[in-house]
Every structure is written in C-alpha cells, then in structure tokens.
Amino acid sequence: MRIRHALVLVLAATSALVTACGGSPAPEPKGWEPDDALQRADESLGKDLTAGARVTARGTGFLKAGMEKSLETGGERPYRFDIACDSEESSRVTLVLSREGGATDRTFDVSCTAGEVTRLNLPAGSALNAHIDPAPQDDSPPAGVVSWQLLTLDPAKVQGCPDALAGCPG
C-alpha cells in the first residue's frame, strides 16, 4: 500500500513539473493587427466583382490619417466606388463624396466591420472627391484601416441606384 501511495505522489509531481517546465499553455488569442485588417479589407473588395468591371484606382490607409482623394471619373462607362473599413475602435466612419465644381456633397456611413463593403455607383463625369476625417488618436499604433477601389462598369451591369450622389427614390 505504501508503494502505491508513493507512486501516486511521484506521478502527480512529475505531471506538474512537465506542465510547468515543458508544457506550453494554450496560445493567447491574437488581437487586432493592422496588417491583418488591411488584408481582410482588400479581400472584401475583391469579392463580388461583376464581369467587365475594371479597377481604375485603388488605395489603402490608416483611419488615423483620414482620406483625401480626387479620382478621375471621365469617359463613357459608369463607375463604382467600393470602400471597406476594419477597426477595433470605430464601428463606422463617415465618407463624404462630391464632384469637382459641384454645389453639393453627400455623406455615407461606412461600417468598420471586417468583411463589409460599401458600394456606390456613380455616372461618368467630373472628378470625384472622397474624404474621411482623420481619427484622433494618441501615440498608440493605428487602430483602423480603410481600403478602397474605383471601378468602371459595363452599363448593363450596374445594380441598384445608378447615382449615389444624386440619390435614388426608395
């Protein structure tokens, strides 16, 4: 009986030592990372590309810096502006679109949830200005990214509202 009791104690001590010394604890879950967020946003933009669509401009950036772009939208074919945001701190950002020389601008809420893309159709015309205010942050690493692309579309492939700037009924 004494040997059996001693054997149980030795096995328990050995198990504790193996766990403490050589056993690796479960890995901690990985937090939000800017590189991963950019990759998720870019992958989201690549989904649901219609046949005949052609990317004419593309970009990425941190919400900390905001966005200020002037995009050429001339020609015969309509355009679609796709934008994806991924952030651990912001649930959405406000995108302001306007035409050069236009009297009005229009705001759009862009969700900062991984995998969501805001798609806005626009007819050809004067240059398009896209703006997102910089997100105030302290000196910490960037906590949000935005990726966007401008595509030309086959006119027959435009789905939904044909002019997001003018607005659509309903």
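The table below lists the values:
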item: Spatial extent of the range 43-170: Rg and Dmax, with the Cα atoms as the point set, Å; result: 14.6, 48
item: The range 70-170: relative contact order as a whole-number percent, Cα under 8 Å and 6+ apart; result: 40
item: Sequence of TRP32, TRP148 when ordered by accessible area, the most exposed leading, probe 1.4 angstrom; result: TRP32, TRP148
item: At 1.002 mPa s and 20 °C, Stokes diffusion of the range 104-155 via Kirkwood alpha-carbon radius, µm² per second; result: 151
item: Accessible heavy-atom area order of VAL55, VAL146, VAL117, highest first, probe of 1.4 Å; result: VAL55, VAL117, VAL146
item: With DNA, RNA and ligands ignored, accessible area of PHE108 (1.4 Å probe; Å², nearest 10); result: 30
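The values are calculated or read from the model by the stated rules, or taken from the named source; none is laboratory data. All figures in this text were calculated on a predicted structure; none of them were measured in a lab. Accessible surface areas use protein heavy atoms only, side chains included; no ligands, DNA or RNA. Shrake-Rupley method; radii C 1.70, N 1.55, O 1.52, S 1.80 Å.
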